[in-house]
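Student: Here it is: the structure, laid out below.
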Amino acid sequence: MDFEDPLRKFPAITPHPAPDSVASSELSSLLEESDRWYDTRTTVLKILENRYIPNGPDDGTPKVLRAFVMKLLKGGQLALVSETRLLQDDSAKLRQLRNFLVDAILKPMMGTGGKNPKTPITPSPRPNANNDILSSIATIEPSSRNDQRVLKADCLRRDGHRCALTGRVDGKSRGKVPGAAGWMVKTQCAHILPFALRNFDTQSAQEIKPTIWWALYRYFPGLKDLIGPGTINQHQNALTMWDTLHAEFGTFNLAFEPLDDVSVSKIYSTPENRYRTRWVTYPGYEAPDVVTLASNDPPVPLPNSKYFWVHFRIAEILEWFDTGEATLKSIEIGTTSPVLNPVSPDVLRGVGGAVN
């Protein structure tokens, strides 16, 4: 059966309030000086909280922007702090920026797991974003489910016919694992960045997906030149996972923090490929505290830690919402009005799931 694109029925996304803005050169110069960057970031956030004029008693825009600023990697922090400082005297545009972040990043990442979201993402960023993204991926071949069958077989072989996280043997591979015994599991090929962000196949998806990728590249600049809608099905973006853990991973309840060095916006992959297991809401199932990925088929590359960083940071932002620090908002369906409707963390989490 063909994969049904969960983004097919999504409406357009809210325009980014300053799509042509660039990161401040003044702020860029501070990134390598951790103390000065921390102080500057803190100052910008305090100005935001002091000057922002809320749209109502439940308007948590400063808290939402703070969550993104605090949890993004430094390259994304630079972009968002620059935007926040640029718009600090325009509360309506700050709300628009907040909606764009939720609509273009959180909801699509949560909603690409086989379900349509219960709440839509709101209108579309800059007018020429489609052209920018489409031109940059014009030479990339589209991903397909046929590609995924090959990918699954390759990853299963690379991962030793086991769940890469727990070491449990894949139930269908008993004969390929000498001495296999004990509890075996059903495994799936899990994408770190969701499969549903692949190349466009419908008019509505063609309008939505360039915007999502534009947002990912803007706030996770380390993804540029590594992955796009035509290269989702790469070995570096997939691993063999017990289907139960895959479901938790797909809803961002389970995440993996790379144990490698982070310097500014550049991530240096560690040879050990070690990751710390992070349960967002509860340790629901078996998983070791630290996972070390190893290849049983060296020609097949291991997952790229930069993709795990993106997944992990989004999981942290969602965890921040789950603690009750802020309530997610979305613009009313079918309008660009700044009237806000509360969207609870449970509703947001309800739009997601693992890509099977």
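The values are calculated or read from the model by the stated rules, or taken from the named source; none is laboratory data. On a predicted model such as this, the values are computed, not experimentally measured, just so you know. Using ideal geometry, Cβ is built from the backbone for each residue, glycine included, and neighbour counts are taken over all protein chains shown. Note: accessible area is taken over every heavy atom of the protein model, side chains too, but ligands, DNA and RNA are not part of it. Shrake-Rupley method; radii C 1.70, N 1.55, O 1.52, S 1.80 Å.
Student: Is it the case that residue 93 is more than 24 Å from residue 197 (Cβ to Cβ) and open to solvent by 40 Å² or more (accessible area, probe 1.4 Å)? Even if it seems obvious, please write down each step before you answer.
Tutor: Details: more than 24 Å from residue 197 (Cβ to Cβ): yes; open to solvent by 40 Å² or more (accessible area, probe 1.4 Å): yes.
Taking the combined requirement at face value, the residue satisfies it.
Student: State which residue is modelled with the highest pLDDT when the search covers only region 5-41 and only residues that are among the acidic types (Asp, Glu) and over 20 Å from the mean Cα position of the chain (by Cα).
Tutor: So the first thing to find is which residues in region 5-41 are among the acidic types (Asp, Glu), and the list is 5, 20, 26, 32-33, 35, 39.
Pick out the ones that are also over 20 Å from the mean Cα position of the chain (by Cα) and you get 20, 26, 32-33, 35, 39.
Working: 20: 91, 26: 87, 32: 84, 33: 89, 35: 91, 39: 94.
Result: 39.
Student: Taking only region 14-41 into account, find how many residues are closer than 14 Å to residue 80 by Cβ and in a helix (DSSP H, G or I).
Tutor: 5
Student: Do you know which residues across region 63-77 are in a helix (DSSP H, G or I) and open to solvent by 20 Å² or more (accessible area, probe 1.4 Å)?
Tutor: Matches in region 63-77: 63, 66, 70, 71, 74.
Student: Return the residue satisfying two criteria in turn: it lies in region 25-43 and is touching a residue at least 24 places away in the same chain (Cβ under 8 Å) and surrounded by fewer than 18 Cβ atoms within 10 Å (Cβ to Cβ), and of such residues it is nearest to residue 111 (Cα to Cα).
Tutor: Ranking the qualifying residues of region 25-43, first place goes to 28.
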